[in-house]
Amino acid sequence: MRRLQERILRDGRVLSSTVLKVDSFLNHQIDPELMKEMGETFAHRFREKGITKVVTLESSGIAPAAMTALELGVPAVFARKRKSLTLADDLYSAEVYSYTKQERNQISISRDFLSSGDQVLLIDDFLANGQAVLGLSEIVKQADATLAGVGIVIEKGFQDGGRMLREKGIHIESLAIIDSLSDQKIRFQKEDVTV
Ligand code: G4P
């Protein structure tokens, strides 16, 4: 998505050869116009999949997931990272290990909001090692729902998640794929110049 690439180039800060800071429009302050366009783009790319629920993980996935759900006319559900007051029996849950943050999170979704027959579109802000997507897809499996696809705002193509998930046959659409962050420069994957 060209507008996203332009924004990443304008406002993204390379913190290291593996970490990109995009706090000014995605991870802290949110640009609603840009989120709206992302939602329209994801909805367009997954329109034929009969999506019934958009699912994400708190917190930075919520804005793009909500915009996508709005466009598709379905609810958005976010998995919580904190312990819920609800009884564990009422929850689907999975463990997610973040290599980036070196922390383990128990993620969960109430059984009230996901069920068999749901066609699920997962949305997340970053794809690095793919652990969040794996954890969310485990929850989709527990609900006996179908994982119809995954929409990612920024995929770090130099990390393993995208390849690992595509090898499992998962349909992933990333709005921007970064090839490299070395030498303080943001380089996008060459063929990644579509809408
Ligand atoms: P993975 O799910 O693909 O394995 O990714 P990983 O565990 O490495 O990422 C964990 C957290 O770090 C996620 O946020 C993810 O969005 C974020 N992250 C990964 N790479 C980058 C990066 O280059 N830049 C930024 N800004 N974030 C990155 P989270 O813990 O879920 O936080 P949040 O959703 O509450 O913001």
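The values are calculated or read from the model by the stated rules, or taken from the named source; none is laboratory data. Note that the structure is predicted; figures quoted are calculated from it, not measured. Because the Cβ atoms are built from the backbone with ideal geometry, glycine has one as well, and the counts that use them run over all protein chains shown. Protein only, heavy atoms only, side chains kept; ligands, DNA and RNA dropped before computing areas. Shrake-Rupley method; radii C 1.70, N 1.55, O 1.52, S 1.80 Å.
Can you find a residue that is more than 30 Å from ALA143 (Cβ to Cβ) and open to solvent by 70 Å² or more (accessible area, probe 1.4 Å) anywhere in segment 22-31?
So in segment 22-31, the residues more than 30 Å from ALA143 (Cβ to Cβ) come out as 22-25, 28-29, 31.
Checking which are open to solvent by 70 Å² or more (accessible area, probe 1.4 Å) leaves us with 28-29.
Scanning segment 22-31, I find at least one residue that is more than 30 Å from ALA143 (Cβ to Cβ) and open to solvent by 70 Å² or more (accessible area, probe 1.4 Å), so the answer is yes.
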Check: Just for segment 140-154: of the residues that are in contact with a helix residue (DSSP H, G or I) (Cβ under 8 Å, 6 or more places away or on another chain) and not β-branched (Val, Ile, Thr), which one is surrounded by the most Cβ atoms within 10 Å (Cβ to Cβ)?
Finding: GLY151
Item checked: Neighbours by Cβ (under 6 Å, 6+ apart or cross-chain): first from segment 112-125, within 10 Å of ALA76 (Cα to Cα) and open to solvent by 10 Å² or more (accessible area, probe 1.4 Å); second of a type in the set (A, V, I, L, M) and within 16 Å of the ligand (Cβ to nearest atom) -> PHE113/VAL77
Checklist line | Verdict on LEU20 being among the hydrophobic types (A, V, I, L, M, F, W, C) and either at positive phi or within 16 Å of the ligand (Cβ to nearest atom) (or both) | finding: yes
Margin query: Just to be sure before I move on: is PHE78 under 27 Å from LYS190 (Cβ atoms) and either aromatic (Phe, Trp, Tyr) or open to solvent by less than 60 Å² (accessible area, probe 1.4 Å) (or both) in the structure I sent?
Written below: no
Check: Conditions: (1) in a helix (DSSP H, G or I); (2) touching a helix residue (DSSP H, G or I) at 6+ places or on another chain (Cβ under 9 Å); (3) not β-branched (Val, Ile, Thr). ASP183 meets all but one. Number of the miss?
Finding: (2)
Margin query: Return the pair list, or none, for Cβ contacts closer than 7 Å from residues in segment 9-24 that are without any contact (Cβ under 8 Å) to a residue 40 or more places away in the chain to residues that are more than 6 Å from the ligand (Cβ to nearest atom) and in a loop (DSSP other than H, G, I, E, B), at least 6 apart or on different chains.
Written below: LYS21/GLY12; LYS21/LEU15; ASP23/GLN29
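Looking at VAL133, VAL120, VAL140, which is the one that is at pLDDT 95 or above and in a strand (DSSP E or B)? Please lay out each step first, then the result.
Values: VAL133 fails: in a strand (DSSP E or B); VAL140 fails: in a strand (DSSP E or B).
VAL120 is the lone residue from the list that is at pLDDT 95 or above and in a strand (DSSP E or B).
Residues checked against (1) in contact with a helix residue (DSSP H, G or I) (Cβ under 7 Å, 6 or more places away or on another chain); (2) more than 20 Å from GLY162 (Cα to Cα):
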site: LEU34; (1), (2): yes, yes
site: GLU48; (1), (2): no, yes
site: THR56; (1), (2): yes, no
site: MET67; (1), (2): yes, yes
site: ARG111; (1), (2): yes, yes
site: LEU127; (1), (2): yes, no
site: LEU136; (1), (2): no, no
Next item on the list: Check PHE188 against each of (1) over 26 Å from ILE8 (Cβ atoms); (2) at pLDDT 95 or above and name the one condition it does not meet.
Entry: (1)
Note to self: Can you go through VAL54, VAL19, VAL96 and tell me which one is open to solvent by less than 70 Å² (accessible area, probe 1.4 Å) and within 15 Å of LEU114 (Cβ to Cβ)?
What the structure shows: VAL54
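Checking the conditions here, which among GLU33, GLU40, GLU71 is free of Cβ contacts under 8 Å to residues at least 12 places away in the same chain and away from the ligand (no atom under 16 Å from the Cβ)? Quick ask: steps written out before the conclusion?
On the way: GLU40 fails: free of Cβ contacts under 8 Å to residues at least 12 places away in the same chain; GLU71 fails: free of Cβ contacts under 8 Å to residues at least 12 places away in the same chain.
Answer to the check: GLU33.
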